[in-house]
Each structure stands twice: as structure tokens, then as C-alpha cells.
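The values are calculated or read from the model by the stated rules, or taken from the named source; none is laboratory data. These numbers were taken from a predicted model, which means no experiment stands behind them. As a convention, Cβ positions derive from the backbone with ideal geometry for all residues, glycine included, and neighbour counts pool all protein chains shown. Side chains included, ligands, DNA and RNA excluded: accessible areas come from the protein's heavy atoms. Shrake-Rupley method; radii C 1.70, N 1.55, O 1.52, S 1.80 Å.
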Amino acid sequence: MLNKIWFGFFATALFAIFAQLLAGHTQVLSESVDAIFSSSKLAAEIALGLIGVLSLWMGLMRVGEKAGVVAVFSKMFEPLLSKLMPEVPRGHPAFGSVTMNLTANMLGLDNAATPLGLKAMQDLQSLNPNKSVATNAQILFLVLNTSSITLVPVTVFLYRAQQGAAAPADIFLPILLATTASTLAGLTIVALVQRLSLMNAVVLGYAGIILSSIIGLVFYLSTLTVSAIGEVSTGLGNGILLLLIFSFVLVAGMRKVAVYDEFIEGAKEGFAQSIKLIPYLLAMLLAIALLRASGALDYLLQLIAGLVAFAGGDIRFVDAMPTAIMKPFSGSGARAMMLETMQHYGVDSFAGRLAAILQGSTETTFYVLAVYFGAVGIRNGRHALACGLFADLAGIIAAIAVCYQFYG
């Protein structure tokens with residue numbers, strides 16, 4: 001599957017380069033060459049940047065597992081996850097690491113979420129009979145990551161504040177609705193493909209509790225200013241991280257675990273994984289860079305605008321679509337597109353607001369796939385990419401719909 005996708009990216013880029021040359025844009029050649037070499041540098045920088053944080057969390061997770069703290073987290077969501085991942089046996093460490101990763105994602109703790117996600121994928125890989133082919137549990141976990149609900153997208157609020165928005169946090173509810181739609185769509189499509197039953201007391205019970213908690217948080221945050229929301233989010237996230245770290249080490253120490261030795265062993269695993277990621281990151285970033293430099297994504301945007309105009313639809317949303325198109329490929333690229341849209345059309349314009357909602361409600365699917373599957377050597381992702389992109393599409397459609405509803 002990944003072989004075909006990678007080949008398809010190159011073929012599309014080549015076609016776009018020829019189209020640009022026919023239009024007289026000869027600079028596309030130098031831009032494409034620059035993209036090739038810059039992507040190789042970026043892959044190494046990302047992997048090297050992960051060394052410290054991945055070694056840190058892999059070491060802490062090993063201490064937490066020895067202390068039994070991770071098992072406590074596992075039991076909180078094991079009834080739900082065992083329904084969604086029936087091939088994972090009860091009591092397996094994967095439930096704990098999956099729970100911690102999804103919690104970190106919801107809280108927007110990026111520095112912790114990725115290492116915890118890699119640890120979860122590694123735990124799931126230990127149950128994989130065919131190490132190069134993704135299991136159902138790994139696919140579900142990846143799709144939940146690419147569509148994970150972020151409760152408080154503080155960075156998007158800050159960008160809007162920097163651009164002079166009258167009320168930087170007024171897009172909080174639209175983002176939450178759009179990202180919730182993305183997560184529900186991702187979970188539903190995976191359940192259909194894998195023939196999982198979502199209509200049972202356990203799943204519905206957990207869904208009710210989670211949705212009630214989200215609604216309660218929305219009502220609370222709606223009473224705060226944007227600066228207060230940032231303070232609450234930062235304080236909550238940092239507090240949880242410190243609580244985890246101290247609980248891992250102190251409980252392990254009280255249980256006579258050799259905390260220093262265990263941390264070192266886990267950190268060594270994190271270091272090895274960081275280096276192992278470079279070839280997989282390079283392959284994906286190279287293909288994405290060529291798509292951008294060749295102008296292929298620009299042609300896609302023109303096609304969307306033409307089709308909408310031909311159908312007689314409102315094309316205001318098209319102005320924000322560069323962010324939506326870029327987000328599955330590159331988080332930094334999508335951020336640049338969002339800021340460009342805000343500057344060109346105005347931060348409180350329809351396009352400016354929609355770009356911010358899109359930035360906060362979708363994820364970098366190709367990057368997540370390359371990192372998570374690359375970390376455990378999976379080459380055949382089966383239906384992971386299709387389900388992840390379906391969730392992205394649902395999030396994009398939901399973002400456009402709620403933007404028209406709130407600001408149209």
C-alpha cells in the first residue's frame with residue numbers, strides 16, 4: 001500500500017512539474033530540487049529532535065510500568081478499549097500506553113503525546129504475528145491519533161490573538177464540534193471495516209461520560225477570557241505531566257524498583273527508536289515536499305474552486321482550503337497557510353476563521369502514519385491511510401459546515 005502511495009506522489013509531482021513548465025514557470029525545477037534536499041535535512045532534524053523527548057518518556061514509561069502506575073491507568077479504560085481492540089488480551093500493557101497517549105492528545109500535550117504514542121504502538125506490535133503488516137488494533141489506534149479530539153487548541157487562539165482578532169477564542173466551540181466529528185467518523189469507519197460493534201452498553205456508557213465531560217468543559221471555558229483559557233489549559237497540562245512523572249518515580253521507589261537503572265534501559269530504547277525513524281520520515285517528507293514544490297496542491301485547489309463555481313455553490317470556503325489541503329501532509333505547512341489566509345483576508349473574516357478551525361480540527365495524517373508505523377517497521381498499513389483520510393475529510397466538511405452556521 002505504501003509503495004503505491006509513494007509512487008503516486010512522485011507521479012503526481014512529475015505531472016504537475018510538466019504542467020508548470022508548459023505554462024512557462026521554469027523556476028519549478030529549482031524549487032523541486034531545493035525541496036528534495038531540504039526534506040532530507042528536515043527528516044534528520046525531526047528525528048534528532050525526538051531523541052531527547054523520546055528517550056525521556058520511554059525511560060519514564062518503563063519506570064511507570066515497573067511501579068504499576070501504568071496498570072492503574074490501563075484499568076480506567078480497559079473495558080472500552082477491550083471492546084474496540086478485541087485481539088489485545090486483558091491486562092496487556094498496551095491498554096495503559098494507549099490510554100496515556102490519547103489523554104495527552106486531548107490535552108494538547110504534543111511533547112508527551114508522540115513519545116507515548118510510539119510506546120503504545122510498540123506495545124501493540126508485541127502482539128503482531130506479522131511484523132510488517134498493521135494489525136486491526138494498530139490501525140484503530142493510528143486513526144484515533146490522526147483524528148484525536150483536542151479539547152483546548154491554545155496555539156490556534158494565540159495565533160489569532162497575534163493577528164489582532166477581536167475575540168481570539170470565539171472559534172473554540174466550532175473547533176471542538178469539527179474535531180469531534182472527525183474522531184467519530186474515524187472510529188465509525190474503522191468499526192465498519194473491522195466489523196466492531198459500537199452499539200453496546202460499555203461503548204455507549206463511556207461515550208456518554210466523555211461527551212458529558214466535554215460539554216461541561218465547554219460551558220466552563222465559555223465563561224473565561226482567552227488569556228484565562230490559556231492559563232487553565234497550561235496549568236492543567238503541566239500539572240498532569242508533573243503528577244505522572246512524580247508518581248512513576250516515587251511509587252517505583254517505594255516498591256523497591258531500581259528506578260535509575262530502569263530509566264536508563266527505557267531511555268536506551270527511545271534513543272534507538274529515534275534513529276530508526278529517519279528513513280521512514282525521509283521517504284514521506286520527500287514525497288510531500290515534491291507535491292508542494294511542483295504545484296500539485298495548487299492545481300487541486302483550483303480544481304475544487306472550479307467545480308464549486310460550476311455547481312453554483314458559495315465559494316467563500318475555498319479561500320481557506322489551502323490549510324485543509326496542506327494539513328494531512330505538513331503541520332508547519334498548514335500553519336503557514338493559515339497565517340497567510342489570516343493576513344490576506346483578515347483574521348476575523350470568514351476565510352480567516354475557517355482556516356483557524358481547519359488548523360485545529362484535522363491532523364497531519366501522513367506524518368503520523370510515517371512516524372508510528374515506521375517506529376515498529378510496518379510497511380503494509382492495510383486500511384489505515386484510507387480510514388485516516390476519511391476522518392480528515394469528515395473534519396474538513398464539519399469545519400466548513402459549522403463555520404457557515406456560526407459566521408455565514
Whole-number D in µm² s⁻¹ for segment 1-157, Kirkwood Cα-pair radius fed into Stokes-Einstein, 4 °C, 1.567 mPa s: 70
Exposure of Leu187 as accessible area (Å², to 10), given a probe of 1.4 Å and all protein chains: 40
What residues of segment 367-408 lie in the reach of a label at Ala167, counting those whose backbone N is under 14 Å from a point 7 Å from the Cα along Cα→Cβ? 406-408
Separation between the Gln343 and Met254 pseudo-spin-labels, each 7 Å from Cα along Cα→Cβ, expressed in nm? 5.3
At a probe size of 1.4 Å, how large is the accessible area of Tyr280, to the nearest 10 Å²? 60
Would you calculate a helix-derived [θ] at 222 nm for the chain, using -39,500 (n - 2.57) for each DSSP H run of n ≥ 4 and dividing by the full residue count, to the nearest 500? -26500 deg cm²/dmol
At a 1.4 Å probe radius, which order do Lys75, Lys276 fall into by accessible area, largest first? Lys75, Lys276
Take each of the peptides 336-346, 384-394, average the number of other beta-carbon atoms within 10 Å over its residues, and list them starting from the highest. 384-394, 336-346
With θ set to phi - 60°, apply the Karplus curve 6.51 cos²θ - 1.76 cosθ + 1.60 along segment 377-384 and write out the HN-Hα couplings as whole Hz, x wherever there is a Gly or Pro. x, 7, 10, 10, x, 6, 8, 4
Exposure rank, largest accessible area first [Arg62, Arg195; 1.4 Å]: Arg195, Arg62
Give me the extension gain from Trp6 to Ser38: residue separation times 0.36 nm, minus the current Cα-Cα distance, reported in nm with one decimal. 9.7 nm
Give the dimensionless ratio obtained when the Cα radius of gyration of the chain is divided by 2.2 N^0.38 Å. 1.00
At R0 = 35 Å the Cβ-Cβ FRET efficiency linking Leu393 and Met76, nearest 0.05, sits at 0.65
Mind checking the per residue accessible area of the chain for me, 1.4 Å probe, whole number of Å²? 45
Mind checking which of Trp57, Ala120, Ser74 is farthest towards the positive end of segment 57-124's charge dipole, using Cβ charges of +1 (Lys, Arg) and -1 (Asp, Glu) about the Cα centre? Ser74
Taking a ≥ b ≥ c as the square roots of the eigenvalues of the Cα gyration tensor, with a/c under 1.5 meaning rounded and otherwise prolate when a/b exceeds b/c and oblate if not, segment 205-305 is oblate
Degrees separating the helix 69-84 axis from the principal Cα axis of the chain, which is the longest one: 60
Quick one: how many Å² of Asp298 are accessible to a 1.4 Å probe, rounded to 10? 80
With 0.36 nm assigned to each residue of separation and the Cα-Cα distance removed, Leu236 to Tyr220 gains 4.4 nm
For segment 298-408, restrict the atom set to alpha-carbon positions and state the Rg and Dmax in Å. 15.0, 48
Amide hydrogen neighbours beyond the local backbone of Ile315, cut-off 5 Å, H modeled: none
Looking at the square roots a ≥ b ≥ c of the eigenvalues of the Cα gyration tensor of segment 161-269, which shape do they give, rounded for a/c under 1.5, prolate if a/b is larger than b/c, or oblate? oblate
